[in-house]
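Here the structure is laid out as structure tokens; the discussion comes afterwards.
The values are calculated or read from the model by the stated rules, or taken from the named source; none is laboratory data. What you see is a predicted model, and the numbers here were worked out from it, not measured in a lab. We place every Cβ from the backbone using ideal geometry, glycine too, and count neighbours over all the protein chains shown. Areas reflect the complete protein model, heavy atoms only, side chains present, ligands, DNA and RNA absent. Shrake-Rupley method; radii C 1.70, N 1.55, O 1.52, S 1.80 Å.
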Amino acid sequence: MMKIKLLVTSISIAILTASVSVSALAAPDDKARTLPVRNVDSLPSLAKLASLKVQENRSSSIDGRAQVAASTAKPKAKPAAKPKSADRMTQLIDAKQNAQLKTAPQAVAADNMSAEELTRKDEQSDSTDDISEGQAFAAPINAASIDSSDPLSFELPDHEQRQDFSDDPTIKNIEDKDGKRYTTLNLSSYAKQVNDAAWSPNMKVNSAMTIKMQALLDWNHASPGPIDGGWGMNSKKALINFQTMKGLPANGKMDQKTWAALIKNVPTNKPVLVTYTITDDDINTNFAVMPTTSEAKSKVKGLYYQDIKEMLGERFHMDVRYLDKLNKDKAYQAGETVTVLNARPALKQRINRVVANKADKTLYAYNDDKLVATYPTTIGSDSTPSPQGTFKIVNKVKMPWYKATVGEGDQKKIHMLPPGPNNPVGVVWMGLSKPSYGLHGSPKPEGISRQASAGCVRLTNWDVLEVYANIENGATVVLN
């Protein structure tokens with residue numbers, strides 16, 4: 001991602017056994033979202049007037065995973081010619097082997113891809129972004145509040161002068177579960193198996209145990225990122241980080257002491273998977289497909305969720321593809337129940353120091369010297385590394401605007417992008433005393449730890465909101 005200037009603002013699941021890896025219900029890489037999103041006729045009127053050509057970028061990014069992997073993979077070497085079979089048995093064996101080669105799947109599953117392959121895939125996805133530079137803003141409430149003598153001030157486009165995002169439901173959709181209806185009624189046999197799963201020495205790896213471990217890590221604020229039913233690199237890191245938090249050997253392997261620590265403060269009957277009844281408010285949330293260019297994005301009222309599944313994924317800390325897997329044939333209508341993750345409780349811990357470690361791709365949150373939470377993160381890249389040193393949080397902005405610079409030289413154009421979960425900096429910006437750098441959210445939670453950025457620290461929208469709720473202005477930020 002581009003530099004940002006603030007203006008006013010895989011250790012395998014040998015954890016369980018040392019031999020097998022994940023997960024029959026891991027989120028499939030080739031599963032497209034099936035719920036229709038709004039077409040251009042339901043976009044804000046300005047977008048229609050501009051005759052925007054739009055598409056659902058996140059879904060197409062997910063759908064294109066196999067194509068990207070295929071296009072970036074090295075060409076397969078031609079097999080050496082086999083000598084002519086000496087007898088009928090050898091011929092039968094050769095024929096069977098050839099048939100297996102022909103039917104072998106060509107796409108590489110995400111959890112079987114190397115970190116380098118995943119990073120390359122996400123960098124290629126980001127390369128479609130037309131933004132060359134950007135700045136995050138807290139918008140003025142009205143035109144009269146703009147100080148024209150302040151070089152950091154900006155004026156909103158005329159059609160946005162009176163728009164107020166203070167009541168936008170996005171933050172509530174992620175943070176607030178009060179009044180929502182959760183039960184354990186009508187759960188599938190798989191969901192019940194997840195809820196009843198318990199670790200024991202020498203047990204065989206199974207997908208139910210994988211999900212339960214991801215949930216327990218989430219509940220203990222060692223975030224595994226989007227929960228997907230697969231034991232990928234963010235889950236492996238989360239286990240190591242949890243062991244570090246609890247003073248246990250940080251080897252990424254499950255043992256009796258680690259399991260005991262994971263469940264210590266969790267009620268024995270707390271379910272991992274629950275049923276949630278979709279409300280009228282959920283259905284009436286603003287949804288819109290995502291324009292492809294910054295100019296088009298600047299003409300919509302907000303960079304909203306693209307559909308209800310994207311919204312529920314962020315609220316319940318789930319990969320959208322895993323949400324789909326759990327809820328086949330669901331229409332996502334008001335009054336319908338869907339199976340979701342029972343997401344973690346609020347942290348409620350003072351954070352006065354964070355350490356963003358590029359090598360670990362982790363943000364460590366401290367209350368003085370006590371490690372209280374960890375989060376997977378994206379920090380810089382080889383071409384645009386993060387600065388090293390100690391800085392301070394100088395401001396905190398929810399629902400920031402984003403001033404996107406497109407092009408270079410005489411071709412440079414500026415576009416003001418409105419707030420929303422699909423804003424380039426997500427739903428939160430926390431600026432550092434080092435100009436141009438900050439901690440912020442991301443419109444692509446599935447890419448955290450795999451993308452590259454231009455020096456800033458990216459987290460999922462729900463993780464950055466947890467940091468926002470507990471960190472102090474003036475808190476220390478160490479980048480290394």
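Of the residues in region 360-379, at least one is among the basic types (Lys, Arg), touching a Ser or Thr at 6+ places or on another chain (Cβ under 9 Å) and within 30 Å of GLY313 (Cβ to Cβ). Looking across LYS257, LYS301, one residue alone is open to solvent by 50 Å² or more (accessible area, probe 1.4 Å) and in a loop (DSSP other than H, G, I, E, B). It is LYS301. If you scan region 444-471, which residues turn out to be open to solvent by 30 Å² or more (accessible area, probe 1.4 Å) and either modelled with pLDDT under 90 or under 20 Å from GLY232 (Cβ atoms) (or both)? Hits for region 444-471 are LYS444, GLU446, ARG450. In the set (1) surrounded by fewer than 19 Cβ atoms within 10 Å (Cβ to Cβ); (2) closer than 19 Å to ALA343 by Cα; (3) at pLDDT below 95, LYS192 fails one condition alone, (3). Would a scan of region 382-403 turn up a residue that is at pLDDT below 90 and among the basic types (Lys, Arg)? Yes, region 382-403 contains at least one residue that is at pLDDT below 90 and among the basic types (Lys, Arg).
Can you say whether THR405 is assigned to a strand (DSSP E or B), open to solvent by 50 Å² or more (accessible area, probe 1.4 Å) and over 22 Å from GLU175 (Cα atoms), as far as the supplied structure shows? Answer is no for this residue. Among residues of region 460-476 that are in a loop (DSSP other than H, G, I, E, B), those with a beta-carbon under 9 Å from a residue that is among the aliphatic types (A, V, I, L, M) at least six positions away or on a different chain give the pairs THR460/ILE448. Evaluating LYS204 against the criteria (1) touching a Pro at 6+ places or on another chain (Cβ under 6 Å); (2) among the basic types (Lys, Arg); (3) surrounded by fewer than 18 Cβ atoms within 10 Å (Cβ to Cβ) leaves one unmet condition, (1).
Residues of region 411-421 include at least one that is part of a helix (DSSP H, G or I), over 19 Å from GLU310 (Cβ atoms) and either modelled with pLDDT of 85 or more or in contact with a Ser or Thr (Cβ under 7 Å, 6 or more places away or on another chain) (or both). Is it fair to say THR378 is open to solvent by less than 20 Å² (accessible area, probe 1.4 Å), under 18 Å from the mean Cα position of the chain (by Cα) and within 14 Å of TYR437 (Cβ to Cβ)? Considered against the rule, which asks whether it is open to solvent by less than 20 Å² (accessible area, probe 1.4 Å), under 18 Å from the mean Cα position of the chain (by Cα) and within 14 Å of TYR437 (Cβ to Cβ), THR378 comes out as yes.
For region 325-365, filtering for residues that are over 21 Å from ARG458 (Cα atoms), basic (Lys, Arg) and buried (at least 18 other Cβ atoms within 10 Å of the Cβ) leaves 1. Scan region 219-239 for residues that are within 15 Å of TRP259 (Cα to Cα), in a helix (DSSP H, G or I) and open to solvent by 10 Å² or more (accessible area, probe 1.4 Å) and the total you get is 2.
Residues in region 240-254 that are within 17 Å of ILE211 (Cα to Cα) and in a helix (DSSP H, G or I): ILE240, PHE242. Given the criteria of a type outside the set (Val, Ile, Thr), more than 22 Å from VAL338 (Cα to Cα) and surrounded by fewer than 23 Cβ atoms within 10 Å (Cβ to Cβ), does ASP282 qualify? Criteria not met by ASP282.
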